[in-house]
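Here is the structure we will look at, set down as structure tokens.
The values are calculated or read from the model by the stated rules, or taken from the named source; none is laboratory data. Please read all numbers here as calculations on a predicted model, not as lab measurements. With ideal geometry, Cβ positions are generated from the backbone for all residues, glycine too; neighbour counts draw on all protein chains shown. Quick note on the areas: whole protein, heavy atoms, side chains included, nothing else; ligands and nucleic acids left out. Shrake-Rupley method; radii C 1.70, N 1.55, O 1.52, S 1.80 Å.
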Amino acid sequence: MAVFTRNIPARGALIALLLLGSCAPGSDDGAKYLLLSDRYEPYAIVENGLDDSLTYDFRMYEPADYENISNVDLSYTLELGGTPRDVYFLFTNVNASSDTSYPSIGNSTESLMQGTVPEAVEKKAGPEENDTGIRGKPEAREFNRNPFGFLSRINPVTLLLGIVPPPEPRLDESGDKKSFAINSPALLAATCRLVRPVDTAHGQKTLNIWVADNCWHIGGTKTPKVTPLMVEAMADAFLVDGDDNDIYDWVTGIFGEEWGGAIPPFAAELVIPENDEITILLYDIDDDNSTSGGILGYFWAKDNFKKSAVSYSNERIMFYMDALLLATPEGAWDIGDRWPAEIISALAHELQHMIHFHQKSILRAGGAGTETWIDEMCSLSAEDLVSRRMAVNGPRGALHSSADCVPDDSDPTRFDGKISKGRIPLYNYYNEYSVTRWYDGSNVLVSYALNYALGSYLARNFGGATFFRDVVWNPYTDEGAVEYALERGGSADAFGTILRKWAVANMLSDARIDMPDYRYNNEDTWFESFMDALAYNIGSIDLYRYTYTARNHTGPYIYTVMPAMPMQPASTIYYRAAAGLTGTRAWNIKMKSNVRLTVLIR
């Protein structure tokens, strides 16, 4: 039995009665007592397809009047019977933008825990390792978030007359030399090393790869240096003759064309005209000489604008990749080496950003930039959705090889041992951080981890490639984009509800779950989605197989003592309320109005 005690109007009590249980008479001061019958009723799930010995149960508590009160004071009693069970409270702040206080938990009966030692409550502020490279530069992300707010002033009379001249037509040729504007006022000398026209589903596209002169194998001062072999290998991965055989085909197959067609009137005098060329500039990003991490690449929408609007625009549809990381070998250089393979995955990531700016900011959102976490989640999910086709680890961290890339192969996720690659290890450790608040600086990798983890859950439960096309093809630039895609797929869930379901899916990811909305682990079968004639298969995720080696931590981080800190927006605290519990136990729980409680029993 669980008891919620708070002042509510009679009609509110009736709604709660219909949704949750029975309502006892109120006192003279108008207080109502909502009673919830909550006896443990186990559901069997199959683990590894062998048995049904693992059972679970969970309840999501959401009184109808949560939004109308400042606090919830809950007395919660659980009846478990004689079989020992672990009890978890999952507290979710469903507000996407505001902090709130962490819940407080008191024990109405004896000891809270039975025979367990709490983990350390205090965590380090940021990650101690950089196993996965960074995509994006802070200044580029900030510009892309508010592109039209960064524009230089343009003579309004010139705009009115429509006489701002467009950029001169340009056709790159191999061997051309140019100084690129990296930022204002920095310039970088580079030479065109490859020009490749290719017929695609969006017409003929031309790929131009430029390499900074100081990174080229002849005359360059950087080490390691880029060679023609490396340029060809990158081009072959990104854009090559044929259908359904390169990153451009696979990513545009989900999100659409990167530039082209009619530009809306509000932007027509500010951005460059239709252009079927894509430029990749290889240089030492941040001039850091790093061969062991850092920024792999970025898209900066400044280059989509005319110089009359952004003085340091290159007036190209382009993105930037790190030359040294591409060139970093493991013995004899191969595109499948550690950092070259990361660069290949990052190509899919940055292409999504490029498309996102065009399809959402320009075509659908009236110039508004998408909140960073949404845009990054889409790019990380693009990497995930095409990682099998690229034969790279991708953000999931599971190994791929060319042998895995046949239509009927099994998912290579389920194997003995732990996974330390990809985004999930860091997510596991920092799973109480906000998914809607972008952390730059030392915590930027935490943001990537959180946004990949949410995207990976959404892709595996709500339509994969189709879902993420819908996230981009609408005018919403915040969590409304996710809700729009959910609705298009037939789900009526609000974003806060999705956060709660995601938390349950995390906790149950070590077994195959056949319930819709809670799937992370499909065992040895790929999660399949299709966009037109293209197939996108993604593998299972078992969070309990991932180890964050810097902290020697495996699986989701679960508190056993509530942390005393603000609860961040769009976040969940995972709390173990009892281990090996039998019989009846009661807790006193206080939480703010934006916080929702899910009780999970295993």
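Quick look at the numbers
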| item | result |
| --- | --- |
| Peptide ranges 374-385, 448-459, 140-151, 186-197 listed from the most packed, as the mean C-beta count within 10 angstrom indicates | 374-385, 448-459, 140-151, 186-197 |
| Carbon plus sulfur fraction of accessible area for region 515-586, probe 1.4 Å, in percent | 52 percent |
| From phi via Karplus (6.51, -1.76, 1.60), per-residue ³J(HN,Hα) for region 138-151 in Hz, x at Gly/Pro | x, 5, 5, 4, 5, 4, 5, 5, 9, x, 6, x, 9, 5 |
| Amide hydrogen neighbours beyond the local backbone of residue 187, cut-off 5 Å, H modeled | 182 |
| Whether region 490-533 is rounded, prolate or oblate, judged on the alpha carbon gyration tensor where a/c under 1.5 counts as rounded | oblate |
| Rounded to whole Hz, the Karplus (6.51, -1.76, 1.60) HN-Hα couplings of region 211-227, x for glycine and proline | 10, 4, 4, 7, 10, 7, 5, 10, x, x, 9, 7, 9, x, 10, 7, 10 |
| Distance in nm between pseudo-label sites at residue 202 and residue 101 (7 Å out along the Cβ direction from Cα) | 5.1 nm |
| Rough spin-label spacing in nm, given labels placed 7 Å along Cα→Cβ, for residue 151 and residue 586 | 6.5 nm |
| Region 224-330: C-alpha gyration tensor shape, a/c 1.5 cut-off, then a/b vs b/c | oblate |
| Cα gyration tensor shape of region 157-308, rounded if a/c is under 1.5, else prolate or oblate by comparing a/b with b/c | oblate |
| Under 14 Å, Cβ to Cβ, from residue 256 - net charge with Lys/Arg +1 and Asp/Glu -1 | -1 |
| Dmax and Rg, reported as Rg then Dmax, of region 523-588 (C-alpha, Å) | 18.8, 55 |
| Cβ crowding within 10 Å averaged over residues, with 460-470, 89-99 ranked highest first | 460-470, 89-99 |
| Pairs from 302/360; 421/501; 418/501 whose Cα-Cα separation, in the structure shown, is over 19 Å | 421/501; 418/501 |
| 5 angstrom amide H check on residue 260, placed H, neighbours 5+ away | 275 |
